[in-house]
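Read-outs: derived from the displayed coordinates by stated rules, not from any lab. For clarity, every value in this text was computed on a predicted model and none was experimentally measured. With ideal geometry, Cβ positions are generated from the backbone for all residues, glycine too; neighbour counts draw on all protein chains shown.
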């Protein structure tokens, strides 16, 4: 009995030692996150330096994936047959799809702010979707659906959304007409001031246009426009609109004629039907144009998302990057070969520049210094705990179905990590540094190879 007890104690101590080892290496691999955050916020390195570091880390991580994870597959096939191939391929694809899907969902809640390239690509998609909606809505306004499709596509990018409270004046009689308005939601009273009394000329609603007379004829406002309830309008400046009209005299004549008819009866509602061919050609013109995103737009979107669940979304975005790495470290800790220093170095080098770049982006987008450090510190701890959990769950010498399950988990993690590198790290590096990415990635790969050999 004593011998059995001693054996159990010995196994418990050995298991605890492996778990502790896994936790330690998990923390070591991720400690570069808070270090990178501190370096990034303290030194504020230029985009070129960030790009070189991030591509270098991506190359090191690529080596770790190919040699330490996918590199084991031929050995598994030799010992357990071709079934391993199907398990690896299926699991790797599933890992890539899972990461990509979760990343897209979290970006919608504000996680895109953790990287410049993610923010830019996210806002490009958002602006494109908004533009398509604008074509649908503004195309129902008669004065605009007279524009040729290519001019309408150009005008869409100049539209600005504005909100007014109940009773607020959108424009005043006698003011210089600098913009025209198209009602998205709500109602607007058009009121003309006379010597003895005020006269309400019309109440306009969704998709109605007002203010175009002053813009087209370059005269002062002929009436007040007062919001009734909360109102959302799209505005187009006089300069933008008239620049487009100069390109086509026939279109200018049509719109001048429409404007003149509006002077006779402001209560006439806009036609609600849109010509299908016009709509399709406008959409096609919109598809051909490249959506530009400015740094100011990224900052504004970041400030708008800095409240609510954005901070949590950013944390979860970083967390899903770390989950596969931590599980693999736990599995390596219990494997007969033990921890791979090349894999740890690869993860460490990949984390450092990511934190440097992301911390500056998050700070510039309104996150407090405390939140930035808290995020990276908690991810470091979580990576250690994930590695320890992996060491507890996965046995060192699995058999039967458990063997295939572990191979699948390893491939799932590898697929997610490879997708992460291709979807976030290297695009971010190229966004900041351009062609320097190629040689930097190669340098990181070769450095990890040297570590493996040594």
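Taking label positions 7 Å along the Cα-Cβ direction at both residue 70 and residue 200, the computed distance is 6.9 nm, reported to one decimal.
Mind jotting down a quarter of the surface of the convex hull over the alpha carbons of the range 356-422, in square nanometres, one decimal?
Details: hull surface 23.7 nm².
Averaged projected area of the range 356-422's Cα convex hull equals 5.9 nm².
Extension gain for residue 280-residue 80 works out to 66.4 nm (0.36 nm per residue, less the C-alpha to C-alpha distance). Suppose the Debye formula is applied to equal point scatterers at every Cα of the range 16-84; what is log10 I(q)/I(0) at q = 0.14, 0.23, 0.24, 0.27 Å⁻¹? Debye output, listed in q order: -0.70, -1.04, -1.06, -1.11. For a paramagnetic label modelled on residue 24 (point 7 Å from Cα along Cα→Cβ), amide N atoms under 15 Å away belong, within the range 320-341, to 330, 333-334, 338-341. Neighbour counts of C-beta atoms inside 10 Å place 128, 86 in the sequence 86, 128, starting with the fewest.
Dividing the convex hull volume of the alpha-carbon atoms in the range 152-241 by its residue count gives 84 Å³ per residue.
Tell me the Kirkwood hydrodynamic radius of the range 147-186 in angstroms, computed as one over the mean inverse distance between distinct C-alpha pairs. It works out to 12.6 Å.
On full extension of the chain, what length is gained from residue 192 through residue 239, given 0.36 nm per residue of separation minus the C-alpha to C-alpha distance?
On the way: separation 47, 0.36 × 47 = 16.92 nm, distance 2.55 nm.
Fully extending the segment from residue 192 to residue 239 adds 14.4 nm.
At full extension, residue 93 and residue 442 could sit 123.2 nm farther apart than now, given 0.36 nm per residue minus the alpha carbon distance.
Taking one quarter of the surface of the C-alpha convex hull of the range 384-440 gives a mean projected area of 5.6 nm².
Restricting the calculation to Cα atoms, the range 315-454 yields a radius of gyration followed by a Dmax of 16.6, 52 Å. Remark: 29, 100 ranked as 100, 29, counting other beta-carbon atoms within 10 Å and listing the fewest first. With neighbours defined as other Cβ atoms within 10 Å of a residue's Cβ, the residues 281, 136 order from fewest to most as 136, 281.
When both the range 376-429 and the range 23-102 are represented by their alpha-carbon centers, they are found 9 Å apart.
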